């Protein structure tokens, strides 16, 4: 009986610690425009997610580009399916897109991950760290 209780406690602790996910109004969000079509912006975001935001432990990618000019890619936690990171893309013309990135705000889904995602979508190269010089700008909205 103790083994079952201990296993349940460990599972509950693991789920509560890492599976909270995006919290409306509290998780960092950034919106920016890029001079590429929405399918290319989606492809870049998807590559960045797969390269840097899956972590260890069964996180998975869910996403698709739609024919209506929109696309979404998400990182979902195991068991709970809570969203840890989300990138929404909306076409703004043939060769322009608006991208909104939202991260949980903890662990690998933090403000640094947001900056790296913005760089990856803008320049088309996945990297888990930003190597671009940072301009003085306000912090991402929480």
Using Cβ contacts closer than 10 Å as the measure, can you line up 31, 102 from fewest to most? 31, 102
Restricting to Cα pairs under 8 Å and 6 or more apart, the percent relative contact order of region 29-123 works out to 34 percent
At a 10 Å Cβ-Cβ cut-off, how would you order 20, 53, fewest neighbours first? 20, 53
Label region 29-123 by shape, choosing from rounded, prolate and oblate, from the square roots a ≥ b ≥ c of the eigenvalues of the Cα gyration tensor; if a/c is under 1.5 it is rounded, and otherwise prolate applies when a/b is larger than b/c, oblate when it is not. prolate
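Throughout, read-outs are computed from the coordinates displayed, never taken from laboratory work. The model shown is predicted, which means the values in this text are computed figures rather than measured ones. Using ideal geometry, Cβ is built from the backbone for each residue, glycine included, and neighbour counts are taken over all protein chains shown.
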